[in-house]
Amino acid sequence: MTATPAPDAASKTPSRYRGIGIVLIGMSGAIWWPAFTLGAWHTPFFDQLLTVWVVATAGFVVVLIQPARPRLKAGRAIALVIPSLWLVLSFTSAPAADDLWGNLFDVLAVVVGLVGIPFTLWVVVRTVWPDVIADYPPRVRLGIFAIVAAIAVASFVLGLNQSRFLTCEDFTLSGNSEPPGCVHADDSPTP
C-alpha cells in the first residue's frame, strides 16, 4: 500500500488569496521600473508611458464589449481613456521648459506613468477577472494599493540613490543610458 503525499502549503492556500498575490505581484512588477527611472533619470521613459497606453486601450475595448452595468462601464471606460487623452495632448502641444502648460504636461506624463500603471492594471483585472477582487473588503483593497505605493516609493528612492549600489557600467551593460550622477567603476561621477 502506498501512502498519499501530504499536500504542500501552496495547495492549502485558498484560491481567493492567490488572486491577491497575482494582483499585488503584477502591479508591483509593473510600477517599480517607472518609479526607479523617475528617481534615476528624473523622467518616465516613453516606452513605459506607451505601455500604459496600450494596456489601457486594450482594456477600454474590453470594457466596451463586455456586458456590465452602465455606471460601472462608464467609470472604467473613463479611467482607461486617460492615457489616450495624454497621448492626444502630446500631439497637440509641444511643451517648452519654461512654459506653465509645458510643466503641467510633464506632471501629467508622470501621473500617467506612475499612477496610471497600477490603476490601469487594477481596472483591467477588475474587468477581465472580476471575481479576483470582488470578495475582498475595502481594507484589503487599500492594503494592496498601500503595498504597491510603498514599492513605488522605495523604487524611486533607489533610483535617486543608484550611485550607491550601481555603476555607470551597470546601466550601459543593461542597454540603458547613464543616469545623471552615476559613478564609474573607477569612482568618477558623471556630470
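The values are calculated or read from the model by the stated rules, or taken from the named source; none is laboratory data. Quick caveat: nothing in here was measured; it's all calculated off a predicted structure. Note that we place each Cβ from the backbone using ideal geometry, even for glycine, and neighbour counts take in every protein chain shown. Note: accessible area is taken over every heavy atom of the protein model, side chains too, but ligands, DNA and RNA are not part of it. Shrake-Rupley method; radii C 1.70, N 1.55, O 1.52, S 1.80 Å.
So how many residues does segment 154-185 have that are over 15 Å from TRP41 (Cα atoms) and surrounded by 12 or more Cβ atoms within 10 Å (Cβ to Cβ)?
3
Would a scan of segment 34-52 turn up a residue that is of a type in the set (Phe, Trp, Tyr), assigned to a helix (DSSP H, G or I) and in contact (Cβ under 8 Å) with a residue 60 or more places away in the chain?
Narrowing segment 34-52 to residues of a type in the set (Phe, Trp, Tyr): 36, 41, 45-46.
From what's left, assigned to a helix (DSSP H, G or I): 36, 41, 46.
Applying the additional criterion that residues be in contact (Cβ under 8 Å) with a residue 60 or more places away in the chain yields 36, 41.
Checked against the condition, which is being of a type in the set (Phe, Trp, Tyr), assigned to a helix (DSSP H, G or I) and in contact (Cβ under 8 Å) with a residue 60 or more places away in the chain, segment 34-52 yields at least one hit.
Is it the case that VAL54 is open to solvent by 50 Å² or more (accessible area, probe 1.4 Å), under 20 Å from the mean Cα position of the chain (by Cα), among the β-branched types (Val, Ile, Thr) and at pLDDT below 75? I'd like the intermediate steps shown before the answer.
On the way: open to solvent by 50 Å² or more (accessible area, probe 1.4 Å): yes; under 20 Å from the mean Cα position of the chain (by Cα): yes; among the β-branched types (Val, Ile, Thr): yes; at pLDDT below 75: no.
The answer is no for VAL54.
When both residues are 6+ apart or on different chains and their Cβ atoms are under 8 Å apart, which pairs have a first residue that lies in segment 73-93 and is open to solvent by less than 80 Å² (accessible area, probe 1.4 Å) and modelled with pLDDT of 80 or more, and a second that is hydroxyl-bearing (Ser, Thr, Tyr) and assigned to a helix (DSSP H, G or I)?
From residues that are open to solvent by less than 80 Å² (accessible area, probe 1.4 Å) and modelled with pLDDT of 80 or more, the pairs are ARG76/THR127; ALA79/THR120; LEU80/THR57; LEU80/THR120; PRO83/THR57; PRO83/THR120; SER84/THR57.
Report yes if LEU64 is assigned to a helix (DSSP H, G or I), open to solvent by 60 Å² or more (accessible area, probe 1.4 Å), at pLDDT 75 or above and under 30 Å from GLY181 (Cβ atoms), otherwise no. Walk me through it before giving the result.
Numbers: assigned to a helix (DSSP H, G or I): yes; open to solvent by 60 Å² or more (accessible area, probe 1.4 Å): yes; at pLDDT 75 or above: yes; under 30 Å from GLY181 (Cβ atoms): no.
The answer is no for LEU64.
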